[in-house]
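What follows is a set of notes on a single structure, which appears directly below.
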Amino acid sequence: MSEKNLVSDKVLITEIKKTLSKLANNNSSWTLVLGRETLSATDVIQRLDKDKHLRKIVLTHYVGLAVEMEKQGREKRFGEDNT
Amino acid sequence: MKAVLCRPKFDSATKYTFVFAAEILQWCQQAGIEVTELAEEDAVRPAVETALERINPDIFVFYDHGDKDALIGQDGKAAIDLKNCDRLAGKEVFTLACLSAKDLGPEVWRKGGTYWGYTEVVSFATDSLPEFQEAFNCGFHYRFIEGDSRENALTRAKETFTRLSVELVGAGNTFAAIFMRENGDNLVYLDAHKPEEKEGCLLGLLKLPLKLAR
């Protein structure tokens with residue numbers, strides 16, 4: 001992975017942590033059930049620093065969702081033939 | 001058509017998945033599928049083995065914890081694993097269990113059964129439980145209530161995961177959307193497609209250039 005990618009991953013993780021912090025403040029009962037583990041928003045923030053596998057899952061789908069939404073927006077505006 | 005539905009409840013995750021499975025139980029009852037429920041204390045290996053032998057169901061539903069090679073019962077021990085999965089030969093297995101489509105699923109498939117399951121850890125967020133329930137259960141509806149083909153049921157379920165993940169972003173539930181998408185990616189239906197070849201297997205060697213294989 002290039003240095004440029006590493007930097008952008010850090011930026012994305014920072015934004016994702018901001019979302020989680022807001023979740024922790026607004027909805028204290030929010031829980032992520034991860035198999036046999038049950039994590040609070042604060043737990044997830046801490047895990048994102050240590051757990052490479054979790055970080056990879058989160059980043060992959062954060063970017064994937066952005067692409068999916070852009071694709072749907074493009075289809076909505078220009079039609080399916082122009083994708 | 002006959003079904004056995006097994007649903008332990010012994011921790012915070014199974015507290016939720018026990019409720020998810022109730023919808024499947026209800027659908028079976030409404031659709032005239034003769035369903036036998038093995039809940040909580042009954043969701044253990046001896047009871048599961050007896051039910052499979054006595055009832056000989058067409059469908060076996062299991063919600064929830066799993067491992068690569070097992071479905072975990074109420075007592076924390078394997079209710080189904082590689083040693084007794086021959087009892088699922090020729091049956092349709094539908095499960096939400098983590099990881100079990102890695103080794104157990106292919107073994108059931110090799111014995112002539114089919115396996116709806118997940119190759120990685122299954123996750124969900126408590127701010128979006130109705131959406132996760134819809135995603136986890138929809139495949140059962142497509143295949144066994146509507147009678148759609150295995151291939152179509154899998155395709156439609158994956159489309160449901162994608163649709164719900166985009167809707168969750170729109171609702172501001174970004175984290176739920178992330179794990180909705182992850183679950184959809186890890187869903188497989190063995191028989192709608194074959195298990196992926198494992199690295200290092202003999203078939204893999206055959207693909208190597210002759211020089212490397214020597």
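General remarks:
- The set of residues in region A:41-62 being at the interface with chain B (Cβ under 10 Å from one of its Cβ atoms) and either out of contact with any Leu (no Cβ under 9 Å at 6 or more places or on another chain) or surrounded by fewer than 17 Cβ atoms within 10 Å (Cβ to Cβ) (or both) consists of A:H53, A:I57, A:T60, A:H61.
- Scan of region B:69-98 for residues that are aliphatic (A, V, I, L, M) and part of a loop (DSSP other than H, G, I, E, B), ordered by number: B:L82, B:A89, B:L96, B:A97
- Given (1) buried (at least 21 other Cβ atoms within 10 Å of the Cβ); (2) in contact with a Ser or Thr (Cβ under 8 Å, 6 or more places away or on another chain); (3) within 16 Å of B:K2 (Cα to Cα), number of the condition B:I24 does not satisfy: (2)
- Taking every residue in region B:92-106 that is basic (K, R) and pairing it with any residue that is in a loop (DSSP other than H, G, I, E, B) and buried (at least 24 other Cβ atoms within 10 Å of the Cβ), at least 6 positions away or on another chain, yields no pair with a Cβ-Cβ distance below 9 Å.
- Residue selected from region B:108-129 under the condition aromatic (F, W, Y) and within 30 Å of A:T38 (Cα to Cα), by the criterion nearest to the other protein chains (Cβ to nearest Cβ): B:F124
- With respect to the conditions (1) away from every other protein chain (no Cβ under 14 Å); (2) more than 30 Å from B:G172 (Cα to Cα), B:L71 lacks only one, and its number is (1).
- From the options B:F132, B:F161, residue that is within 13 Å of chain A (Cβ to nearest Cβ), in contact (Cβ under 8 Å) with a residue 60 or more places away in the chain and crowded, with 19+ Cβ neighbours inside 10 Å: B:F132
- In region B:1-24, the residues that are more than 14 Å from chain A (Cβ to nearest Cβ) reach residues that are small (G, A, S) with C-beta atoms within less than 7 angstrom, at least six apart or across chains, in these pairs: B:V4/B:A51; B:L5/B:A21; B:C6/B:A43; B:C6/B:A79; B:R7/B:A21; B:R7/B:A39; B:R7/B:A43.
- Given (1) away from every other protein chain (no Cβ under 14 Å); (2) part of a loop (DSSP other than H, G, I, E, B), number of the condition B:L154 does not satisfy: (2)
- Qualifying positions in region A:15-40 - at the interface with another protein chain (Cβ under 7 Å from one of its Cβ atoms) and of a type in the set (D, E, K, R): A:R36
- A:L23 surrounded by 10 or more Cβ atoms within 10 Å (Cβ to Cβ), within 15 Å of the chain's Cα centre (by Cα), at pLDDT below 90 and within 16 Å of B:F124 (Cα to Cα): yes
- Subset of region B:27-43 [assigned to a helix (DSSP H, G or I) and surrounded by fewer than 19 Cβ atoms within 10 Å (Cβ to Cβ)]: B:W27, B:Q29, B:Q30, B:A31, B:E40, B:E41, B:D42
- The number of residues in region B:164-194 being facing chain A (nearest Cβ under 10 Å) and in contact with a Leu (Cβ under 8 Å, 6 or more places away or on another chain) comes to 11.
The values are calculated or read from the model by the stated rules, or taken from the named source; none is laboratory data. Remember, predicted model here, so these are calculated numbers, not experimental data. Neighbour counts run over all protein chains shown; Cβ positions are idealised from the backbone, glycine included.
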